[in-house]
Amino acid sequence: MDKTKKLLIIGAGEFAEIAYEYFSYDSVYEVAAFAVEQQFRDKDTLFGLPVSNFEEIAALYPPTEYDAFVAITYVQLNRARRRLYEACKAKGYRCASYISSHAFVWHNASIGENTFIFEDNTIQYHVQIGNNVVLWSGNHIGHRTVIEDDCWLTSHDVISGYCRIGRGSFIGVNATLGDQVTLGSDTVFGAAAVTVKSLPETGCVYVGSPAKKLNKTSYEQFGIPKPENE
Ligand SMILES: CC(C)(COP(=O)(O)OP(=O)(O)OC[C@H]1O[C@@H](n2cnc3c(N)ncnc32)[C@H](O)[C@@H]1OP(=O)(O)O)[C@@H](O)C(=O)NCCC(=O)NCCS
């Protein structure tokens with residue numbers, strides 16, 4: 001594929017390595033460098049490219065010439081990725097999305113920025129996927145479903161038609177939502193959990209089939225304070 005754009009990857013861990021691989025082999029982006037917040041930076045190069053201090057990127061890789069991709073996982077219930085995505089936007093970057101050439105995306109689905117869609121995802125008619133969302137491999141996203149910003153879907157989830165997944169949620173492997181199900185923001189929906197009813201409360205953890213709420217919040221699950229004023 002012709003390389004017509006230059007990309008800066010934020011992060012230098014496993015997901016950043018995977019993002020490097022996928023953008024390099026299956027997109028118009030040429031990865032130019034990585035960047036990590038100075039206090040977390042433990043290497044100078046990765047794949048022969050510089051690993052720079054995040055604090056210095058605007059001078060080194062001007063947002064007029066480079067797009068950014070924040071390759072941070074669901075740590076801190078997706079908050080670390082959200083914070084760095086917002087920091088990139090504040091510096092003036094356009095954030096790149098990656099959509100696998102092996103994903104099926106219907107033409108009128110909408111997909112935000114800093115969103116990463118792996119192989120074998122099926123994204124149907126009029127689906128809306130927000131900014132800063134990751135769909136690992138093999139999910140079914142049914143017609144007219146909305147996945148709000150900052151969500152992380154793992155693999156082989158079945159999200160039926162007309163669902164809504166609230167902002168910042170984490171969906172474990174092999175989870176199933178029946179049609180017209182809404183999950184509240186910051187939901188943690190456990191591996192292989194199933195629901196055909198909406199669970200709109202914010203910040204809950206569910207496991208099992210039918211999904212039952214655990215006696216702890218998703219903030220406690222991820223060891224972060226309950227967010228205020230978001
Ligand atoms: C939801 C989740 C985060 C909860 O994990 P946890 O903190 O280890 O859960 P707890 O130890 O507090 O478990 C509480 C109870 O729920 C049960 N439980 C936990 N996860 C369960 C699951 N996925 N399905 C059914 N029951 C589950 C536990 O057995 C325990 O039951 P008990 O009180 O009768 O002993 C975890 O189960 C999960 O699904 N993680 C996602 C895994 C995944 O998809 N990984 C892919 C990442 S790419």
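The values are calculated or read from the model by the stated rules, or taken from the named source; none is laboratory data. Only a predicted model underlies this, so the values are computations on that prediction, with no experimental measurement involved. Cβ sites come from the backbone with ideal geometry, for glycine too, and all protein chains shown count toward neighbours.
A count restricted to region 210-229 and to residues that are closer than 16 Å to Gly190 by Cβ and acidic (Asp, Glu) stands at 1. Scoring Asp157 on the criteria (1) more than 25 Å from Leu214 (Cα to Cα); (2) under 16 Å from the mean Cα position of the chain (by Cα); (3) without any contact (Cβ under 8 Å) to a residue 24 or more places away in the chain leaves a single failure, condition (1).
Against the condition over 15 Å from the mean Cα position of the chain (by Cα), at pLDDT 95 or above and either of a type in the set (Lys, Arg) or more than 14 Å from the ligand (Cβ to nearest atom) (or both), how does Ala109 come out, does it pass? When the stated conditions are applied, Ala109 passes them. Under the condition of being part of a loop (DSSP other than H, G, I, E, B) and of a type in the set (Val, Ile, Thr), which residue from region 2-47 is modelled with the lowest pLDDT? Per the stated criteria, the residue is Thr4.
Condition check ((1) out of contact with any helix residue (DSSP H, G or I) (no Cβ under 6 Å at 6 or more places or on another chain); (2) without any contact (Cβ under 8 Å) to a residue 24 or more places away in the chain; (3) surrounded by fewer than 15 Cβ atoms within 10 Å (Cβ to Cβ)) across all residues:
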{"residue": "Ile9", "(1), (2), (3)": "no, no, no"}
{"residue": "Ala16", "(1), (2), (3)": "yes, no, no"}
{"residue": "Ser27", "(1), (2), (3)": "yes, no, no"}
{"residue": "Ser52", "(1), (2), (3)": "no, yes, no"}
{"residue": "Ala59", "(1), (2), (3)": "yes, yes, yes"}
{"residue": "Val70", "(1), (2), (3)": "no, no, no"}
{"residue": "Gly92", "(1), (2), (3)": "yes, no, yes"}
{"residue": "Ser101", "(1), (2), (3)": "yes, no, yes"}
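Do you know which of the residues in region 154-193 that are in a strand (DSSP E or B) and near the ligand (Cβ under 10 Å from one of its atoms) is farthest from Ile123 (Cα to Cα)? Among residues in region 154-193 that are in a strand (DSSP E or B) and near the ligand (Cβ under 10 Å from one of its atoms), the one farthest from Ile123 (Cα to Cα) is Val188. Number of residues in region 113-123 that are in a loop (DSSP other than H, G, I, E, B) and either surrounded by 20 or more Cβ atoms within 10 Å (Cβ to Cβ) or touching a strand residue (DSSP E or B) at 6+ places or on another chain (Cβ under 6 Å) (or both): the value is 5. Inspection of region 78-99 finds no residue satisfying the criterion of being closer than 18 Å to Gly138 by Cα and either at pLDDT below 95 or more than 13 Å from the chain's Cα centre (by Cα) (or both).
Residues in region 184-230 that are among the polar types (S, T, N, Q) and without any contact (Cβ under 8 Å) to a residue 12 or more places away in the chain: Asn215, Asn229. Modelled with pLDDT of 95 or more and in a loop (DSSP other than H, G, I, E, B): does that describe Pro50? No: the conditions fail for Pro50.
I'd like the full set of residues that are polar (S, T, N, Q) and farther than 20 Å from Tyr93 by Cα, limited to region 1-58. Within region 1-58, Gln39, Thr45 meet the criteria. Mind listing just one residue for me: the one in region 144-153 that is within 14 Å of the ligand (Cβ to nearest atom) and outside any loop (DSSP other than H, G, I, E, B) and, of those, nearest to Leu84 (Cα to Cα)? Among those that are within 14 Å of the ligand (Cβ to nearest atom) and outside any loop (DSSP other than H, G, I, E, B), it is Trp152. Taken together, Thr182, Thr187, Thr202 contain a single residue that is under 23 Å from Pro227 (Cα atoms), out of contact with any helix residue (DSSP H, G or I) (no Cβ under 6 Å at 6 or more places or on another chain) and crowded, with 21+ Cβ neighbours inside 10 Å, which is Thr187. Inside region 204-230, residues that are part of a loop (DSSP other than H, G, I, E, B), within 13 Å of the ligand (Cβ to nearest atom) and within 21 Å of the chain's Cα centre (by Cα) make up a count of 1.
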